[in-house]
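**Q** Structure incoming, see below.
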Amino acid sequence: MEKEEKEMTQLPDNAFRELQAGEEYKPVMNPHKNYPEVNIWSVTWGLLMAVLFSAAAAYLGLKVGQVFEAAIPIAIIAVGLSAAAKRSKSLGENVIIQSIGACSGAVVAGVIFTLPAIYILEAKLNDPSLSASFLQIFTASALGGVIGILFLIPFRKFFVSDMHGKYPFPEATATTQVLVSGEKGGGQAKPLLIAGLVGGLYDFIVASLGWWNSTFTSRAIAFGDTIAEKAKLVFKLDVGAAILGLGYIVGLKYAFIICLGSVAVWWVIVPGMALLFGDTVLNIGGTEVTTAVAQMSPEEIFSTYARSIGIGGIAMAGVIGIIKSWGLITGAVGLAAKELKGSGADASEPLRTRRDISFKLIGIGSILSILITFVFFWLGVMNNIIFALVAILLVTVIAFLFTTVAANAIAIVGSNPVSGMTLMTLILASVVMAAIGLQGTGGMLAALIMGSVVCTALSVAGSFITDLKIGYWLGTTPKKQETWKFLGVLVSAATVGGVMMLLNNIYGFDPNREGHLVAPQANAMAAVIEPMMNGAGAPWSLYAIGAVLAVILDRCKIPALAFALGMFIPLELNLPLLVGGAISWYVTTRTKDETLNKLRGEKGTLIASGFIAGGALMGVVSALLRFGGFDAVNKVWIENPWSEIAALGAYILLIAYFVYASMRKSD
């Protein structure tokens, strides 16, 4: 019997590939049997993880702008807790712990990318009226999270089942491997555990000890520095283990397209703008630039101009995706309408693994959430019913339409371009709200609250599709994941709101205050929204260039969203994806024996998952150590070019280990 249970924890051969005609995917847990999932153990630990990781992620995100994904570290902890307590058949429980706890990173991103801008503008404008209470912060993030869950559920089947094997789902893959290996033990757990230790130690050395730099750039050598300053051409590569593993799971195809987007921006558009405009001070739609293009660094040209092209590309790619999936969207809405009328329910009870919250409840819940959000806008933010009506219309349409875009991005690259979509939301909100008369500090507060609701909705929706894909692979009950996700969102929203207000009181966001929190995304939001609410414009021409480019790419059958993501996400985070994708191609094509290539690829996936898991877990540890005041990084050494040379050497050794461990014979 024990042997039979162990065999049940093996992922099927068709877990990560497209299904052939007539082929069916059978999850790890038998759909015809019931397993422990929701109970006091799983819910208690899930909520505790949501609180702990919300606090850690909020601090790290506000301090350095990096919000780590909590799913993998929580999965590791869940497996460890179950093993320590000697719980049998704990796979379903661990998925619930992970699903509830993972709300933390999603809600944190929704809050800290937007709402700290309120404090930033308050300090800059010296206007005490521009402030947000705990109730406003909690309500905006909680409502956004609830809306994100409700809007995503109708698309669960499409993303996790109908598109099986068509999307890589990198983070879901890594988390699933952690959960399965922890349950199975033995040979499958060993390579993942070793890789987790290697990747975790490697990333911990970089983040907390600073033995070498986290990034290698062409500026490490004198010639490269000259090229960067004169030609505005720079090469940047993040040498982290976690991102390398992510690239392996993404695969060469999507990694290549993403990097093409980066190359287009960093090696064509940025140098091209410097060459074309030279000593011209280029003001485009409210950018308020006072420096000539030629006097800017490549990074400044990217953040000031070129990144806006990426935002336009993401927005248009999203619109294209909405148009292409319009049948899916209308079908989901139509089915919900039928259930609301009582005529859409299936007489037969679906399998446990196919049960969702009923569309009737989703429809009612969505309407109630939208009404509550409207009342919140009216009485809690704007105090004007017309403003509130326009605001809720904008928020509802944008959040609903871009839910599929967020899920699509997570499914492809494991990274949600939520800050780009939120920036577009803020711009649209500012233009519309200013046009109907809501301007100045009142308009800034309203637009940022609206942006927070949308940002949290899209962030939670993107995160939740990962949870649902994990559940699909393993065979949990979607309805249970969906139901308890709401509680995780509420707890995370309360935690993040309290932590953000506490950190504002202790450190503040005022750049003139010593030890202030940087909050880079929120600073970008503040920089965009202030001039617009004071009568300035937006860089529409740059957005238009990105939009036209996305249309051309789509006509050429090139995935426009993946390309636009590459244009928006910094170069140093995209090139490692290509390296990881190249490793995946290399280890799976070295022989003519397809069986051997497949085994090597599967082992490589375990190692990549270990890198992601170890790096993510050490990211949490590093954040907690920083919070406690521990920082052993020598700033003088890190600023020395030799630290980048050392980083490149360490990265080459890491790649060599990755290839060797993937291709060696199993123990």
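**Q** Would you check if A544 is at pLDDT 80 or above, open to solvent by 40 Å² or more (accessible area, probe 1.4 Å) and not hydroxyl-bearing (S, T, Y)?
**A** When the stated conditions are applied, A544 passes them.
**Q** Give just the number: which of (1) of a type outside the set (K, R); (2) in contact with a helix residue (DSSP H, G or I) (Cβ under 9 Å, 6 or more places away or on another chain); (3) surrounded by fewer than 24 Cβ atoms within 10 Å (Cβ to Cβ) does A78 not satisfy?
**A** (3)
**Q** Oh, and also: Condition first: at pLDDT 85 or above and of a type in the set (G, A, S). Now tell me which residues in region 547-562 satisfy that.
**A** Within region 547-562, A547, A550 qualify.
**Q** Restricting attention to region 458-510, and to residues there that are assigned to a loop (DSSP other than H, G, I, E, B) and not hydrophobic (A, V, I, L, M, F, W, C), which single residue is most open to solvent (accessible area, probe 1.4 Å)?
**A** Y507
**Q** Does at least one position in region 113-127 carry a residue that is over 16 Å from T495 (Cα atoms), of a type in the set (A, V, I, L, M) and either without any contact (Cβ under 8 Å) to a residue 40 or more places away in the chain or assigned to a loop (DSSP other than H, G, I, E, B) (or both)?
**A** No, region 113-127 contains no residue that is over 16 Å from T495 (Cα atoms), of a type in the set (A, V, I, L, M) and either without any contact (Cβ under 8 Å) to a residue 40 or more places away in the chain or assigned to a loop (DSSP other than H, G, I, E, B) (or both).
**Q** Residue check: is L578 at pLDDT 80 or above and open to solvent by 40 Å² or more (accessible area, probe 1.4 Å)?
**A** yes
**Q** Of A228, A222, which residue is open to solvent by 20 Å² or more (accessible area, probe 1.4 Å) and of a type in the set (G, A, S)?
**A** Being open to solvent by 20 Å² or more (accessible area, probe 1.4 Å) and of a type in the set (G, A, S) holds for just one of A228, A222, which is A222.
**Q** Kindly indicate the residue of region 290-304 that is open to solvent by less than 20 Å² (accessible area, probe 1.4 Å) and either out of contact with any Leu (no Cβ under 6 Å at 6 or more places or on another chain) or modelled with pLDDT under 80 (or both) and also nearest to V405 (Cα to Cα) among those meeting that condition. Break it down stepwise before answering.
**A** Going through region 290-304, the residues open to solvent by less than 20 Å² (accessible area, probe 1.4 Å) turn out to be 292-293, 296, 298, 301-302.
Those still in the list that are either out of contact with any Leu (no Cβ under 6 Å at 6 or more places or on another chain) or modelled with pLDDT under 80 (or both) too: 292, 296, 298, 301-302.
Numbers: A292: 36, M296: 33, P298: 29, I301: 27, F302: 24 Å.
Going through the qualifying residues, I end up with F302.
**Q** On to the next question. Which of the residues spanning region 232-276 are surrounded by fewer than 23 Cβ atoms within 10 Å (Cβ to Cβ), basic (K, R) and touching a helix residue (DSSP H, G or I) at 6+ places or on another chain (Cβ under 6 Å)?
**A** Residue satisfying the conditions is K236 alone.
**Q** List pairs: first in region 444-459 and at positive phi, second open to solvent by less than 10 Å² (accessible area, probe 1.4 Å) and not aromatic (F, W, Y), Cβ under 9 Å, 6+ apart or cross-chain?
**A** Going by the 9 Å Cβ cut-off, there are no qualifying pairs.
**Q** While we're looking at this one, here's another question. Looking only at region 547-575, count every residue that is under 19 Å from S308 (Cβ atoms) and either among the basic types (K, R) or open to solvent by 40 Å² or more (accessible area, probe 1.4 Å) (or both) and tell me the total.
**A** Number of matching residues: 5.
**Q** Can you tell me how many residues in region 258-281 are within 11 Å of A306 (Cβ to Cβ) and of a type in the set (V, I, T)?
**A** 4
**Q** Step by step: first the residues of region 511-537, then only those that are open to solvent by less than 10 Å² (accessible area, probe 1.4 Å) and either modelled with pLDDT under 65 or in a loop (DSSP other than H, G, I, E, B) (or both), then the one that is farthest from V454 (Cα to Cα). Which residue is that?
**A** This residue is L517.
**Q** Further, regarding this structure: Please go through (1) in contact (Cβ under 8 Å) with a residue 24 or more places away in the chain; (2) among the aliphatic types (A, V, I, L, M); (3) surrounded by fewer than 24 Cβ atoms within 10 Å (Cβ to Cβ); (4) in contact with a Ser or Thr (Cβ under 7 Å, 6 or more places away or on another chain) for L428 and return the number of the only condition it doesn't satisfy.
**A** In the conditions (1) in contact (Cβ under 8 Å) with a residue 24 or more places away in the chain; (2) among the aliphatic types (A, V, I, L, M); (3) surrounded by fewer than 24 Cβ atoms within 10 Å (Cβ to Cβ); (4) in contact with a Ser or Thr (Cβ under 7 Å, 6 or more places away or on another chain), L428 misses (4) alone.
**Q** Modelled with pLDDT of 80 or more and over 19 Å from V499 (Cα atoms), is that true of G614?
**A** no
**Q** To continue, here is another question. Just wondering, is there one or more residues in region 314-333 that are out of contact with any helix residue (DSSP H, G or I) (no Cβ under 6 Å at 6 or more places or on another chain) and at pLDDT 75 or above?
**A** yes
**Q** What single numbered condition from (1) out of contact with any Phe, Trp or Tyr (no Cβ under 9 Å at 6 or more places or on another chain); (2) under 26 Å from P168 (Cα atoms) fails to hold for A399?
**A** (1)
**Q** Looking at (1) part of a helix (DSSP H, G or I); (2) buried (at least 24 other Cβ atoms within 10 Å of the Cβ); (3) in contact with a Ser or Thr (Cβ under 6 Å, 6 or more places away or on another chain), which is the one condition that is false for I100?
**A** (3)
**Q** Against the conditions (1) closer than 30 Å to N408 by Cα; (2) open to solvent by less than 20 Å² (accessible area, probe 1.4 Å); (3) modelled with pLDDT of 80 or more, where does I311 fall short? Just the number, please.
**A** Result: I311 passes all but (3).
The values are calculated or read from the model by the stated rules, or taken from the named source; none is laboratory data. All values derive from a computational prediction rather than experimental measurement. Don't worry about glycine lacking a Cβ; one is built from the backbone with ideal geometry, like all the others, and counts go over all protein chains shown. Ligands, DNA and RNA are stripped out before the accessible areas are found, and what is left, the full protein with its side chains, is counted by its heavy atoms. Shrake-Rupley method; radii C 1.70, N 1.55, O 1.52, S 1.80 Å.
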